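The numbers here are math on the coordinates, done by the rules we state, and not lab data. Computed from a predicted model, the values in this text were never measured in an experiment. Ideal geometry is used to build each Cβ from the backbone, glycine not excepted, and the neighbour counts take in all protein chains shown.
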Amino acid sequence: MGMTIAQKILKAHLVDGEMVQGQEIGLKIDQTLTQDATGTMAYLQFEAMGIDQVRTERSVAYIDHNTLQSGFENADDHKYIGSVAKKHGIYYSKAGNGICHQVHLERFGAPGKTLIGSDSHTPTGGGIGMLAFGAGGLDVAVAMGGGAYYIPMPKMVRVTLTGKLSPWVSAKDVILDVLRQMSVKGGVGKIIEYAGEGVKTLSVPERATITNMGAELGATTSIFPSDEATRRFLEAQDRGDVWVELSSDPDAVYDEEYSVDLSALEPLAAMPHMPDNVKKVREIGTIRVNQCCIGSCTNSSYYDMMKVASILKGKTVHPDVSLTISPGSKQVLDMLAQNGALADIIAAGARILECACGPCIGMGQSPESAGVSLRTFNRNFEGRSGTQDAQIYLVSPEVAAASALAGVLTDPRTLGGMPEITMPEHFVINDNMIVKPAGNPAEVEVVRGPNIKPFPLGKALEASYKGKVVLKTEDNITTDHILPAGAKLLPYRSNVPYYANYCFINVDPAFPARCKEQGGGVIVGGANYGQGSSREHAALVPLYLGVKAVLCKSFARIHKANLVNSGILPLTFADPADYDAVKLLDDISLPNVREEVENGAQVTVVCGGRTFKADCEVSDRQRGALLAGGTLNYARQSAQ
Ligand code: MIC
Ligand code: SF4
């Protein structure tokens with residue numbers, strides 16, 4: 001039987017298990033990346049493993065999230081990551097060099113290779129035919145040490161692209177249309193492969209916009225074939241030598257099929273507050289706009305920025321609008337500066353921000369109260385911008401730039417002829433903000449500022465458990481709900497005890513205090529619990545607060561893996577109707593939990609006087625980790 005692209009790469013990297021859908025497989029990982037907001041934990045865990053030099057082909061540590069530096073904390077984190085990187089064979093991309101996914105695509109990614117990153121948008125690499133996954137920090141630490149990365153063997157989904165994008169319609173509209181079709185839960189447990197005649201009409205940056213936002217589908221990853229466009233992109237980056245051709249076999253079998261007629265698409269927007277709440281721009285009407293933000297790992301390439309510059313050229317941003325521009329990388333900014341496009345952007349009245357995540361993660365630029373903000377980003381979860389009642393719309397760079405000029409949400413097709421943007425034959429290459437690992441690692445001293453606190457470790461699972469329901473949530477709880485980011489809190493990513501005071505703060509501000517009072521307990525959730533960011537803090541902090549289990553209707557993939565890594569039981573209601581009967585502060589007990597988990601049996605739950613069953617759907621390896629109180633404990637035990 002023929003194979004899909006993903007199956008070919010999986011097969012070439014399979015080190016454990018069988019490629020049978022749903023069964024756990026272990027993969028050899030060629031490359032890793034970290035960013036600073038998750039990186040400190042990943043490197044503390046890597047250090048705890050006692051391995052000298054990374055055992056990957058390439059590992060890169062990026063500084064792109066916490067670049068505000070409004071106190072010593074972020075700078076301390078950067079120093080720590082920079083020194084750990086130098087010592088252990090990791091390349092270090094300094095603050096200002098750009099957003100991890102954009103820089104990785106430009107300078108390190110390679111078709112046919114595997115990549116895991118401690119960031120949920122790592123699948124951006126699928127734009128050049130890489131099999132790239134978002135993962136928790138501990139999984140990245142293990143991969144840096146040469147260990148396998150484990151996932152349940154995903155289903156294969158094909159999205160066939162036909163036709164060609166019309167003027168003013170862009171890659172963002174393609175992925176918004178896929179989100180409209182599949183929803184934020186639709187990709188869970190699946191790899192999305194793009195195919196069809198339409199593929200060759202899309203450049204690498206456009207493909208990367210699409211694979212990037214596959215994270216919002218909940219997909220395991222997304223991937224494009226590696227073809228002539230991929231080769232041209234890599235050659236223009238002086239990296240033509242890493243190109244290989246990749247395509248699926250004609251008789252490859254897919255579990256699900258979708259299609260998008262590129263010619264029929266029109267400008268779309270995801271309405272507040274979910275990326276799958278998609279409508280046509282022209283149908284939303286002319287709402288007033290207070291802010292437009294262009295950038296993020298989704299839409300910050302040279303190609304995107306040139307489109308924006310040409311829309312802004314010779315015009316002025318509307319007096320009531322604040323327009324921010326964050327180019328994705330130093331390379332992009334450098335090229336805009338050299339060809340004059342940056343001058344057009346500045347002259348129009350845009351605010352130029354650093355090449356970093358910036359407003360996408362609430363690092364500055366929070367909108368005004370109830371402000372309407374159009375963003376080319378990938379997530380519009382309530383409160384993520386830093387303003388709880390802001391209305392965030394996700395749009396293409398074309399829509400954002402056109403609206404910034406008009407002051408109202410604008411369909412760019414009303415602007416007339418579209419400027420022609422061509423991909424450069426050669427990108428400006430200057431890697432002087434990437435620091436190579438040391439030649440004399442033994443002499444490098446790892447620098448730990450006072451903000452770097454040890455991470456919590458779980459305890460072995462006891463025979464039974466008794467506690468309280470300390471929280472009950474609705475469906476689609478994101479890791480931003482569990483632990484908000486933003487300028488005020490991101491500096492404490494290396495300080496779990498402090499960060500713990502903010503757990504679920506926007507859902508139930510009493511949660512941290514309640515946990516402390518009850519000595520922890522069980523969180524009860526709805527469907528798709530833990531979607532969004534890969535931040536393992538969303539497991540480490542509950543662990544610190546004494547949470548022993550999360551009992552919900554279903555989990556998002558990365559968060560479930562993070563819970564297991566921390567030794568928190570991921571349980572799902574065997575009968576979802578039992579969810580309705582559970583109340584906050586109910587007594588809850590798991591009378592035979594250790595034995596049941598050990599035997600792979602359903603877990604008996606006694607809650608509010610009722611007895612029912614929950615499933616603990618984990619692999620044997622994960623079972624071992626849960627019994628030991630987390631993956632690090634388990635690895636230590638297994639090594640003895
Ligand atoms: C995000 O977009 O939410 C982040 C910030 O990049 C996260 C990682 C984090 O929380 O540090 C992600 O997507 O994984
Ligand atoms: Fe950074 Fe935003 Fe991309 Fe996350 S989604 S990596 S915060 S730019």
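Relative contact order for the chain using alpha-carbon pairs under 8 Å, separation at least 6, rounded to a whole percent? The normalised contact order for the chain reaches 14 percent. When the Cα positions of 82, 447, 25 are compared along the charge dipole of the chain, 447 comes out farthest toward the positive end, with charges on each C-beta of Lys, Arg, Asp and Glu.
Out of all Cα-Cα pairs in segment 154-283, roughly what percent, to the nearest whole number, are more than 27 Å apart? Looking at segment 154-283, the distances longer than 27 Å represent 18 percent of pairs.
Taking amide H atoms as placed 1.01 Å from N in the peptide plane, the amide H of residue 244 has no partner under 5 Å among residues 5 or more positions away or on other chains. Between amide H atoms placed 1.01 Å from N, distances below 5 Å from residue 16 occur with 26, all of them 5 or more places distant or on a separate chain. Only Cα pairs under 8 Å and 6+ residues apart enter the sum, and on that basis the relative contact order of segment 381-427 stands at 19 percent.
Taking the inverse of the mean reciprocal distance over all distinct Cα pairs, the Kirkwood hydrodynamic radius of the chain comes to 24.6 Å.
Is there a quick way to get the dipole size of segment 194-254? I mean about its Cα centre, with the Cβ of Lys and Arg at +1 and of Asp and Glu at -1; what is the value in debye to the nearest 20?
On the way: 5 positive and 11 negative charges, 36 e Å.
Charge dipole, segment 194-254, about its Cα centre: 180 debye, nearest 20.
Whole-percent P(r), segment 176-229, all Cα pairs, 10 Å bins from 0: 25, 55, 19, 0.
For segment 517-640, the Cα-based Rg and Dmax, in that order, read 13.9, 45 Å. When the Cα positions of 68, 171, 137 are compared along the charge dipole of the chain, 68 comes out farthest toward the positive end, with charges on each C-beta of Lys, Arg, Asp and Glu. All Cα-Cα distances of segment 204-337, cut into 5 Å bins from zero to the largest, leave 2, 7, 11, 18, 20, 16, 12, 8, 4, 2, 0, 0 percent in each bin in turn.
A dipole drawn for the chain from +1 and -1 charges on Cβ atoms has a positive end, and of 5, 409, 485 the residue lying farthest that way is 485.
Peptide packing for 482-488, 435-441 was compared via the average number of neighbouring C-beta atoms within 10 Å per residue; ordered from the highest value, the list is 482-488, 435-441.
Backbone amide hydrogens, once placed in the peptide plane, bring residue 364 within less than 5 Å of 487, excluding anything fewer than 5 places away on its chain.
Measuring between alpha carbons in the structure, the pairs from 164/315; 488/553; 11/185; 185/560 lying more than 20 angstrom apart are 164/315; 488/553; 11/185.
Work out the length of the dipole vector of segment 23-68 about its Cα centre, built from +1 on the beta-carbon of each Lys and Arg and -1 on the beta-carbon of each Asp and Glu, and round it to the nearest 20 debye. Spell out each step's value before the answer.
Working: 3 positive and 7 negative charges, 16 e Å.
Dipole of segment 23-68, to the nearest 20 debye: 80 debye.
For segment 10-118, the percent of C-alpha pairs falling in each 5 Å distance bin, counted from 0 to the bin holding the largest distance, reads 2, 11, 21, 21, 17, 13, 8, 4, 2, 1.
Mean separation of Cα pairs under 8 Å and 6+ residues apart, divided by the residue count of segment 43-155: what relative contact order is that in percent? Before the final figure, lay out the partial values.
Details: 159 pairs, mean separation 32.5, N = 113.
Reported as a whole number, the value is 29 percent.
Once you reduce segment 263-282 and segment 174-209 to the center of their Cα atoms, the two points are 15 Å from each other. Charges were assigned to the Cβ only: +1 to each Lys and Arg, -1 to each Asp and Glu. The resulting dipole of segment 503-640 about its Cα centre is roughly 380 debye. Looking at segment 278-345, the pairs of alpha carbons with a distance over 14 Å make up 63% of the total. Secondary-structure-derived ellipticity at 222 nm for the chain, considering helices only, amounts to -8500 deg cm²/dmol, per-run term -39500 (n - 2.57) for DSSP H runs with n ≥ 4.
Loop-located GluC sites (Glu not before Pro) in segment 215-293 (DSSP state not H, G, I, E or B) with no more than 16 neighbouring Cβ atoms inside 10 Å: 245. Taken as Cα centroids, segment 426-500 and segment 114-139 sit 17 Å apart, rounded to the nearest whole angstrom. Across segment 397-481, the fraction of Cα-Cα pairs farther apart than 15 Å, rounded to a whole number, is 84%.
Cβ neighbours within 10 Å, averaged per peptide: list 100-110, 405-415 in order, most packed at the top.
Numbers: 100-110: 27.5, 405-415: 19.5.
Ranked by mean Cβ neighbours within 10 Å, highest first: 100-110, 405-415.
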